[in-house]
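Inspection log for the structure reproduced underneath, given as structure tokens.
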Amino acid sequence: PQFGSMRVGGFRQARCSNSLSAFSMSLARDKAWGEFDAGGRCHGHSKGRALSIHSRNTSKGRVHEVRLRGPDGREVSRTFRTKREATEYEASQRTAKTRGAWVDPRGANVTLAEVSSEWLKSNPAKRPSTKARDASALRVHVLPSLGNHRIGSLTPGDVRALVADWSARMAPRTVRRTYGALRAVVNYAVLNDLIGRSPCRGIKLPAIEPAKVTILEPVDLVRLAHSMAGEFAPMVWLGAVLGLRWGEVAGLRVGRVDLLRRTITVAEQVTRGAGGVGFVSPPKSAAGRRTLSIPVDLANLLSKHLADRGLTGAISNALLFAGAGGRPLDYSNWRRRVWLSAVELAGLDGLGFHDLRRTNATAMVLDGVDVKTAQARLGHSDPRLTLAIYAQATGEGDRSAAEKLGARLMTPAKDSEGAENTAAASTQNLRRFRGANAAQMSTVLQTRVPVVEP
């Protein structure tokens, strides 16, 4: 009864029956937007009214123009056919400003292509390979369809239609990677107040089928190493025994190999940049930079490799495995020229170099290496990644688990005379147990529960 509501100047305002001054205070706005009195007139702003509706006649009929002035003092306007639409828009703009969610509508006129260009330049810490991949995804799959669209005009329907088109002709993993780049661009627009809400919402992406994973046996590793060219054979053992990525193996330098202490330090890796050109760069994360102990057999193998190539500690910057002229290996060329032929010769069709790393992680789990050590050796920042992605279940581990569970849970118990109980005796004991429980339940049900009168 003390509070009501009234409409003043096209907006609902609270009214306090006890004090008109309280009502006047609820109409106040900050200086950037001006202050409005009870008649809806704007004052207190040196550059004029911050938000207003003007009606005028045009050749196409009467229109209603909403003019608003942003915090920078610049005025923008939007025209509507009906006074109702103009009033609702004006109210939404005022509400957004009150909540601190107002976005300058001029920013929404920037095209998606322009925002994409700014986004690619916004993160100087991004690796060249990642930047090149994102730029390629946007240039090939996103901008041809949506590049000329205003960022403010994009809707979830536009994004959903584009994702559906990708799904019909691209692999699910590629769809997700490309969608990730598009979503990052529009999120950048939201963070910079170009738009108030991202159109990348409620988008269903295709499911990714689990990749085929091969865990190698020792005999497979020997056969694969013998199938490779002599100078590249140690790469197999570095991938399987140490769990190194291909880029980490290709980026190893002579100075990072300590044969006396039997350690290898991973401090560089070969990465592909713009145009697929490889170059040596630091690991992606701090966890990727690590020093690993190596077994005696691997140390002897690397010693022979260094001697065969004529590499000594005097040329510590030389790469252990190099292309023509000592340049870093090119992955695509190496895979086509060296890896695929060796895999085919070894009878391991479909094998990838990364399967060596998965074999390493799985072997550490099976051999009882604690997760923290496995995480450090693999260069993971999170131990869950070590178990969830790389360590795979094996037939050997499954059989071992079955035998251990059988030994613990199915070992026959001894009776009082020392004779072993048979399966029939176990079944009889189970029936007795169930009968005892049934008798107890019957007793409980027959017991009267006293009722206490209130």
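The values are calculated or read from the model by the stated rules, or taken from the named source; none is laboratory data. Predicted model, so just to flag it, every value in this text is computed and none were measured. A quick note on method: Cβ atoms are made from the backbone with ideal geometry, for glycine too, and the neighbour counts reach across all protein chains shown.
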TODO: Kindly provide the set of residues from the range 147-157 that are surrounded by 15 or more Cβ atoms within 10 Å (Cβ to Cβ) and either at pLDDT 95 or above or within 15 Å of Ile203 (Cα to Cα) (or both), ordered by number.
DONE: Leu154
TODO: Check Gly180, Gly157 and return the single one that is under 30 Å from Ser285 (Cβ atoms) and either touching a Cys at 6+ places or on another chain (Cβ under 8 Å) or without any contact (Cβ under 8 Å) to a residue 24 or more places away in the chain (or both).
DONE: Gly180
Task: The lone exception for Leu205 - which of (1) part of a loop (DSSP other than H, G, I, E, B); (2) in contact (Cβ under 8 Å) with a residue 60 or more places away in the chain; (3) among the hydrophobic types (A, V, I, L, M, F, W, C) it fails - done: (2)
TODO: Could you list all residues from the range 405-422 that are modelled with pLDDT of 75 or more and either under 21 Å from Ala240 (Cβ atoms) or not in a loop (DSSP other than H, G, I, E, B) (or both)?
DONE: Leu405, Gly406, Ala407, Arg408, Leu409
Task: Residue match in the range 366-387 (condition: in a helix (DSSP H, G or I), within 27 Å of the chain's Cα centre (by Cα), among the small types (Gly, Ala, Ser) and modelled with pLDDT of 85 or more) - done: yes
TODO: Determine which member of the set Ala402, Ala363 is surrounded by 16 or more Cβ atoms within 10 Å (Cβ to Cβ) and modelled with pLDDT of 80 or more.
DONE: Ala363
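Considering the range 366-390 alone, what residues qualify as being small (Gly, Ala, Ser) and surrounded by 14 or more Cβ atoms within 10 Å (Cβ to Cβ)?
Residues of the range 366-390 small (Gly, Ala, Ser): 368, 374, 376, 379, 381, 388.
Matches in the range 366-390: Ala374, Ala376, Gly379.
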- [ ] Would you check if Gln428 is at pLDDT below 80 and under 30 Å from Arg245 (Cβ atoms)?
- [x] no
- [ ] Give me a count of the residues in the range 301-334 that are in contact with a Gly (Cβ under 8 Å, 6 or more places away or on another chain) and of a type in the set (Ser, Thr, Tyr).
- [x] 3
Open item on the list: Are there strands (runs of 3 or more DSSP E) fully within the range 238-290 with at least 1 residues that are of a type outside the set (Asp, Glu) and closer than 18 Å to Gly326 by Cα? List them.
Closed with: 269-272, 278-281
TODO: Consider Leu356 carefully, then state whether it is modelled with pLDDT of 90 or more and either over 29 Å from Ala211 (Cα atoms) or under 26 Å from the mean Cα position of the chain (by Cα) (or both).
DONE: yes
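Could you identify the single residue in Ala161, Ala168, Ala233, Ala181 that is surrounded by 19 or more Cβ atoms within 10 Å (Cβ to Cβ), assigned to a helix (DSSP H, G or I) and of a type in the set (Gly, Ala, Ser)?
Result: Ala181 is the single residue among Ala161, Ala168, Ala233, Ala181 that is surrounded by 19 or more Cβ atoms within 10 Å (Cβ to Cβ), assigned to a helix (DSSP H, G or I) and of a type in the set (Gly, Ala, Ser).
To keep it simple, each residue is scored yes or no on (1) surrounded by 13 or more Cβ atoms within 10 Å (Cβ to Cβ); (2) of a type in the set (D, E, K, R); (3) closer than 21 Å to Glu217 by Cβ.
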residue: Thr312; (1), (2), (3): no, no, no
residue: Leu320; (1), (2), (3): yes, no, no
residue: Gly323; (1), (2), (3): yes, no, no
residue: Arg335; (1), (2), (3): yes, yes, no
residue: Val338; (1), (2), (3): yes, no, no
residue: Val343; (1), (2), (3): yes, no, yes
residue: Gly352; (1), (2), (3): yes, no, yes
residue: Arg358; (1), (2), (3): yes, yes, yes
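Any idea how many residues of the range 187-197 are surrounded by fewer than 18 Cβ atoms within 10 Å (Cβ to Cβ) and in a loop (DSSP other than H, G, I, E, B)?
The total comes to 4.
Give the range 314-340 a look and list any residue that's of a type in the set (Ser, Thr, Tyr) and either free of Cβ contacts under 8 Å to residues at least 12 places away in the same chain or within 23 Å of Leu378 (Cα to Cα) (or both), or say none.
Tyr331
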Task: Selection from the range 75-131 of residues that are surrounded by 17 or more Cβ atoms within 10 Å (Cβ to Cβ), under 30 Å from Tyr331 (Cα atoms) and modelled with pLDDT under 85 - done: Ser129
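When the range 290-306 is examined, which residues are found to be within 33 Å of the chain's Cα centre (by Cα) and surrounded by fewer than 16 Cβ atoms within 10 Å (Cβ to Cβ)?
Thr291, Ser293
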- [ ] Restricting attention to the range 291-342, report how many residues are farther than 20 Å from Glu268 by Cβ and either part of a loop (DSSP other than H, G, I, E, B) or aromatic (Phe, Trp, Tyr) (or both).
- [x] 3
